[in-house]
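Take a look at the structure set out below.
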Ligand code: ADP
């Protein structure tokens, strides 16, 4: 049976699952994924497609909360999908689609919003951050972002959500929202669980804040090697290591920390830093080489796929089509329970 064929049969209870379902999304706020996206979420999502019904989404509705240029949203969405495919997403086993191709998400978000007290969304840390970061543009969709996110997951009754630690509050809110809806209208939605990697918060090149597109402190893993090299070479290391002869502190040095994920010899790299046998510049050069080598195949594959006209759009369109019965079924059943629409 295909991953979603069970969804074709309308039923009065949540769609039967052949395997647990996993859902996650990424914003088209940039075209290229960064190392934080990869270590915190993407590698987990790619691994999970083997064991679960995997549904992955380019969340372009969400991106509208900060980007208001349609050309940019469309271009980034295409580029991000291309990157995801290059990094190992397999359209024969899993589904990749564009959120706006399944507008049922938005209607479900509205239905869910009726059980959400305003205080729940007002206290979301990401809303507070955005209000600070874009004070000229505190739009309503920023406030309701977590409700749409809950709908993204709930519409497919996904159990697992691979995400970075920065998403903890959103996921907790998703759980509260579906719990509140279930309490009012009867058990229907699964409470989703976050799935973290062993690097749930990757720090940016500033060595201080979470790596994030909006902070401009990223290492773009599929960029050209010279871009990656530049991004790595500007990384802040151990700020107390002033002279080349000062011993380094790998525990606090972000460059050393990242080496843990890009080779199994990180302890000897750390020893080199501690004994000042190696300097920060050497360790950065090595990190850049390793990132470039680690993603070389994916970079090449990205170029190959980009050369196939219409390929990415076909994958996204087919993904959205496969999800249509499931999304419509969930929505129809919610509407029924909530007393909406004619019979
Ligand atoms: P960004 O924060 O750069 O805008 P997104 O919000 O699109 O990235 O995040 C996509 C996924 O990548 C989410 O699951 C998010 O938790 C994860 N992620 C983003 N940045 C990091 C990071 N620095 N460390 C770990 N995971 C991250």
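The values are calculated or read from the model by the stated rules, or taken from the named source; none is laboratory data. Everything numeric in this text was worked out from a predicted model, so none of it was measured. Neighbour counts run over all protein chains shown; Cβ positions are idealised from the backbone, glycine included.
Scan the stretch 173-192 for residues that are in a loop (DSSP other than H, G, I, E, B) and buried (at least 16 other Cβ atoms within 10 Å of the Cβ) and the total you get is 4.
Evaluate the stretch 193-203: report whether one residue or more is buried (at least 23 other Cβ atoms within 10 Å of the Cβ), in a helix (DSSP H, G or I) and touching a helix residue (DSSP H, G or I) at 6+ places or on another chain (Cβ under 8 Å).
Pass one, the stretch 193-203, residues buried (at least 23 other Cβ atoms within 10 Å of the Cβ): 202.
Restricting the remaining residues to those that are in a helix (DSSP H, G or I) gives none.
Scanning the stretch 193-203 turns up no residue that is buried (at least 23 other Cβ atoms within 10 Å of the Cβ), in a helix (DSSP H, G or I) and touching a helix residue (DSSP H, G or I) at 6+ places or on another chain (Cβ under 8 Å).
Each residue in the stretch 209-230 was checked for being in contact (Cβ under 8 Å) with a residue 40 or more places away in the chain and within 9 Å of the ligand (Cβ to nearest atom), and 6 of them qualify. Answer with yes or no whether residue 323 is within 30 Å of residue 95 (Cβ to Cβ) and in contact with a strand residue (DSSP E or B) (Cβ under 8 Å, 6 or more places away or on another chain). In short, yes. Here residue 196 meets each of (1) free of Cβ contacts under 8 Å to residues at least 24 places away in the same chain; (2) within 26 Å of residue 124 (Cβ to Cβ) with one exception, condition (1). Checked against the criterion of being modelled with pLDDT of 90 or more, more than 16 Å from the ligand (Cβ to nearest atom) and more than 24 Å from residue 297 (Cβ to Cβ), the candidates 237, 245 yield just one match: 237. Scan the stretch 63-75 and tell me whether some residue there is within 24 Å of residue 307 (Cβ to Cβ), more than 16 Å from the ligand (Cβ to nearest atom), modelled with pLDDT of 95 or more and over 20 Å from the mean Cα position of the chain (by Cα). Looking through the stretch 63-75, at least one residue is within 24 Å of residue 307 (Cβ to Cβ), more than 16 Å from the ligand (Cβ to nearest atom), modelled with pLDDT of 95 or more and over 20 Å from the mean Cα position of the chain (by Cα).
Within the stretch 188-207, being within 12 Å of the ligand (Cβ to nearest atom) and within 20 Å of residue 253 (Cβ to Cβ) holds for 198, 199, 200, 201, 202, 203, 204, 205, 206. Return the only residue of 307, 327 being at pLDDT 95 or above, under 30 Å from residue 53 (Cα atoms) and in contact with a helix residue (DSSP H, G or I) (Cβ under 9 Å, 6 or more places away or on another chain). Testing whether each residue is at pLDDT 95 or above, under 30 Å from residue 53 (Cα atoms) and in contact with a helix residue (DSSP H, G or I) (Cβ under 9 Å, 6 or more places away or on another chain) leaves just 327. Just checking, how many residues over the stretch 204-243 are touching a helix residue (DSSP H, G or I) at 6+ places or on another chain (Cβ under 8 Å) and under 18 Å from residue 41 (Cα atoms)? The qualifying residues number 11. Kindly establish whether residue 132 is closer than 19 Å to residue 21 by Cα and loosely packed, with under 15 Cβ neighbours inside 10 Å. No: the conditions fail for residue 132. Taking the criterion of being assigned to a helix (DSSP H, G or I) and closer than 16 Å to residue 201 by Cα, no residue of the stretch 216-233 qualifies.
So which residues in the stretch 119-140 are touching a residue at least 40 places away in the same chain (Cβ under 8 Å), in a helix (DSSP H, G or I) and more than 16 Å from residue 63 (Cβ to Cβ), if there are any at all? Give the derivation first.
First, the residues of the stretch 119-140 that are touching a residue at least 40 places away in the same chain (Cβ under 8 Å): 120-121, 124-126, 130, 133-134, 137, 139.
Okay, now just the ones that are also in a helix (DSSP H, G or I), so 120-121, 125-126, 130, 133, 137.
Result: 120, 121, 125.
Applying the set (1) buried (at least 19 other Cβ atoms within 10 Å of the Cβ); (2) closer than 21 Å to residue 325 by Cβ to residue 20 leaves exactly one unmet item: (1).
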